[in-house]
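To start, the structure under review is shown below, and the notes come after it.
Since every read-out is calculated from the coordinates, none of them should be taken as a lab result. All figures in this text were calculated on a predicted structure; none of them were measured in a lab. All Cβ positions, glycine included, derive from the backbone under ideal geometry; neighbour counts span all protein chains shown.
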Amino acid sequence: MLSSIVQALLNGLVSGTILAVPAIGFTAIFAVLRYPNFAIGSLATIGAYAGWYANVRLGWPLEASFALAFLGAGIAAVAAEWLAVRPLEKSGALMMAICSLAVGIVLENMVRFGFGNDPRGFNVPLMRDIRFGDLRISPQQVENFAVALLLMALLWVALNFTRMGRAMRATADNPELARLKGVEPATVAAITVVVGGGLAGVGGMLVALDTAADPLTGFRLILSVFAAAVLGGLGSIPGAVVGALLIGMVEELTVLLLAPNYRTAIGFVVILIVLTIRPSGLFGEKSG
Amino acid sequence: MVNYLIFILVVAGVYALLAQSLTLSWGLTGLVNLGLVGFFAIGAYASAMTTKWAGWPIPLGIAFSILVGLGVGFLVTISTLRLRDDYLAIVTLGFAEVVRLVASNEIWLTGGTDGIAGVPSIVPRAWGPNYHITMLVIVTSLAITVHLLLNHLASSPWGRALRAVREDQVVAAVAGKPVVLLKAQAFSIAAAIAALAGAIYGHYTSYVAPEIYQPLITIYVFLAVTAGGVGRPLGALIGSYLLIGFLELTRFMAEVVPGVTPVQAAATREIMVGLALILLLRLRPDGLLPERNQRAPKPVAVHPKGTTS
Amino acid sequence: MSLIIHRRQLLAGAAAGTALLAAPAIVRAQAGPIRIGTLTPLTGSGGQYGPGMANVVKAVADEVNAAGGVLGRQIQVISEDDQTNAEAGVRAARKLIDVDKVTAIMGTWASAVTTAVAPLCWESKTFLFTVSGADSITQLPHNGWLVRTQPNTTLQGRKFAEFCLEVSGGKRAFFMMPQTPFTQSTFNNFKIAYDKVGGATELLIYDDKKPSLRTEVDQAMRYNADCIFVGGYLTDTTVLMRDLFRAGYKGKVVGPGYSINQKLVDNVGQPEATEGAYGMLPSPQEGSAGWKKVADLTKQASPDPFACQIYDHVNLALMAMAQGKDATGQGIRDNVRKVSQGGGDKVDNAVDGLKAIVAGKKVDYDGASGPCDFTDLGDISEVKFRYEQVKAGKMALVRIA
């Protein structure tokens, strides 16, 4: 029994890491632009298709396909932000959130119009798991895990050691002050949206690698992404990572110890409990 | 054609009820309920189970569904009281998913994914077209009644207190408003309205099942309220009829687009729906009927530090 | 079988009466094309199956129109999207019934959509053909206004179990399926068959939206099954097959043909991961041309069972209207069993069938999804199954039985 619990936690760690990528994207956009971007699911779908197109149609290796997934979703995100959401800045965060919902509907159906509903599988060899005694781990998932970790590390470096990164953090902390210090909010917002949308895209491709790309790839993911971001505290990048890992592990333990069909539900019960104790999530801002 | 129009008007009336619910919780109080469809489902089940299985008379079943909506709404509020708006939005989204999962998996309680078919109708279905006309009268008058009540509430001192909570909880609390109580009242009553809509829809279509209550419905109601005007009960009412009218209109618009496959036509329809809302928000950010006493030009969500404006 | 004969005698008696009653309707509806509607999921979770289904109906209508139509009138197909959602589906059905005045709606997929749409159909005398799996559908008080081409769970559950027992040679099966209106009853019937031979089986209901099912697969591995039945749809079965392969599962895998098919093999990518998996789908007699026809129409070597079933829906609808000389829903309701069963010239497509009917012959349609003989309730009374196995990355026919 102990080994099966360890195995479930290990599985949760892997699925949580993949979940963390789009969750970081979602929370980063929230941190700087101050609204929950509900188009994140469709952005993940666009990333999955961009990656699939690069990998299968163009025959690119996975690394390059990840880059296209990032770019494709990032560009879609910034275009939608500029054309649809940003003009509503004065109407408040919730109007922007509703608008992003509409953007999500449009993007998902543009994908559907172009590619139809048939799932598109990637061209990657599937490997058997490596066994350590009772435990097993998939080399592929280790790779995905590594991609996710690498992205997080890159992001951490960018946020802490580049001028733009510092500007982003400053804007997230206090936009007024950041403006006074000479940070151009529009540029910061644009870059945040590209990075946030791009991360969602990579997350979509990571998921599609294991399933297939179809117009609902992102939609299936969003409940868990939202859950992870809220659990960690909206706007907190470390929070999104921890939240995603926790959600991943709680869901796998639910399968093992409770009922597999209540995976999503138990995740939300955990959120409710955590938020009752800490209303702003694990790493969220205290006041509010 | 007439039957179709009548049917569409009945459905729009049900959406209008849902939109009134959202106006109360979101528009007036600022509580974003992304789990609206969960309360819609709970109301439908409460009335269907009691009337079909326990043999209760329909008015009693509907009254029971309102009570259950009120009760569950209250439970959800007390467990989410301390949450910020954006957190509440996502937790309520999860709530609707939990409702759907429980309805699907607890077969002993709800009948499972099979749902409950043959839910008794309010007037006999055998009346044919007259059945739909009678239902149209019932649903429309319900929507108007709820709307008038809400209008009355909105302009009462209670309604003004809700708005104060929406604009700034801290200021409202300092001014001596019982913020927690006000929120709980508004959210529970809103949940009860959604439950009423669910009960009516269940009796009208005579079928209740978990798969009916998908997030799509919540999204549509949000679109309707946003289009009509947040915070104005009349806006939500009109927005619902416009939304359903537009959803149906896109069917005919998609049919005339030449050279597309059925799936492309379906995608085109949904793109039109999304684009229409984006355009509307762009041209009339406060909806077709903006709230009369203009809110302060700042975001609805209360943010700890700074604002976007 | 006796039920059907009884039914036929009844119908023969009633036919004369209904023909008389229906006469004014025929005169009224004589002008313009005959309209039929498809209501399949084009968006939402059923979106992988619905578009192909709508295309099959259009293709059949084109062929029939090229051959002169039905009763001298052209066929017009109107395809609506049910969005895999009952609320949207009901609105779409209402439009098909009241605006387009279709004689039949075909292809409803999700059981919730079918159950919600069925009352509208029987109240407005529009015939409903469905592929939904829930047993409860034919038990609705539909009074003959719907038929279902998907075998019921009593039949499917038993057949699945018998085949699992046969190919695995063992007596332990693990049954994995998402929650659907036919999950529990399919499993119950599956279990009965395993119990009968002293075998053991266990059900695991999984969440089909998850991108990884590793812990679920661990549960299956711990059960030490010699056969795993995978009962989901294409997307989640792809995840399941990959995770089973990774876990090093060596036993047999059996599943329905709508998920174990060429698309699954292509999606999973790695040939070994699906090699040897079995798919089962309802089928006509060996050598029936219907199945081959759908393969041509959909340009797939192995078409999915829903495309096969809707092919039968449209053929039956058109022939029933011709048989009754009544291009209405009533015409289909009263004549569908006259063209689907009870002996006569065997036909497997509407073009041939319509010619035979015009020539005054009795036809008995055997379609792409089976012989299409219906009980009074609207269930199919008997069906063979087509057993396929993935061999060298292609679906290969094992047998039809």
Ranked from fewest to most other Cβ atoms within 10 Å of their own Cβ, A:I130, A:I247 fall in the order A:I130, A:I247
As straight-line cross-link partners of C:K95, the qualifying lysines (C-alpha separation under 25 Å, not fewer than 8 residues apart within one chain) are C:K58, C:K125
Expressed in angstrom and rounded, the centroid-to-centroid distance over alpha carbons for region A:222-260 and region B:113-150 is 41 Å
Cα convex hull volume per residue for region A:23-220, in Å³, equals 130 Å³
At q = 0.09 Å⁻¹, the log10 of I(q)/I(0) for the protein assembly as shown from a Debye sum over equal Cα scatterers comes to -0.98
Under the rule rounded for a/c under 1.5, else prolate if a/b exceeds b/c, else oblate, using alpha carbon gyration tensor axes a ≥ b ≥ c, region C:291-401 is classed as prolate
Volume per residue (Å³) of the convex hull spanned by the alpha carbons of region B:181-255 is 121 Å³
Loop-resident GluC sites (Glu not before Pro) in region C:207-291 with no more than 12 other Cβ atoms inside 10 Å, DSSP not H/G/I/E/B, are C:E286
Summed over the other residues with a beta carbon less than 12 angstrom from that of C:D218, with K and R at +1 and D and E at -1, the charge totals -1
To the nearest 10 degrees, the tilt of helix C:111-123 (Cα long axis) against the first principal axis of the alpha carbons of chain C is 10 degrees
Restricting to Cα pairs under 8 Å and 6 or more apart, the percent relative contact order of chain B works out to 32 percent
Whole-percent tail of the Cα-Cα distance distribution for chain C, cut at 36 Å, equals 23 percent
Per the Cα gyration tensor, chain B corresponds to an equivalent ellipsoid with semi-axes, largest first in Å, of 31, 25, 19
By Cβ neighbour count within 10 Å, fewest first, B:L247, A:L2, B:L81 rank A:L2, B:L81, B:L247
Taking trypsin sites (Lys or Arg not before Pro) as exposed when in a DSSP loop with at most 13 other Cβ atoms inside 10 Å, chain C has its longest clean stretch at C:1-249
Once normalised by the length of chain A, the mean sequence separation of its alpha carbon contacts under 8 Å that are 6 or more apart gives a contact order in percent of 36 percent
Taking a straight Cα-to-Cα line shorter than 18 Å from C:K338, and setting aside same-chain lysines fewer than 8 residues away, one finds C:K325, C:K346, C:K355, C:K361, C:K362
Residue separation between A:A158 and A:T187 times 0.36 nm, minus their alpha-carbon distance, gives in nm 8.9 nm
Of all stretches in chain A that avoid trypsin sites (Lys or Arg not before Pro) placed in a DSSP loop and having at most 13 other Cβ atoms within 10 Å, the longest is A:1-180
Calculated from DSSP helices alone, with each H run of at least 4 adding -39500 (n - 2.57) and the total divided by the residues of the protein assembly as shown, [θ]222 nm to the nearest 500 comes to -20000 deg cm²/dmol
Going through C:K171/C:K293; C:K159/C:K250; C:K159/C:K263; C:K159/C:K391; C:K191/C:K384; C:K209/C:K394 one by one, the pairs whose alpha carbons sit over 32 Å apart turn out to be C:K171/C:K293
For B:Y207, other-chain or 5+-apart residues with amide H closer than 5 Å (H placed, Pro excluded) are B:V119
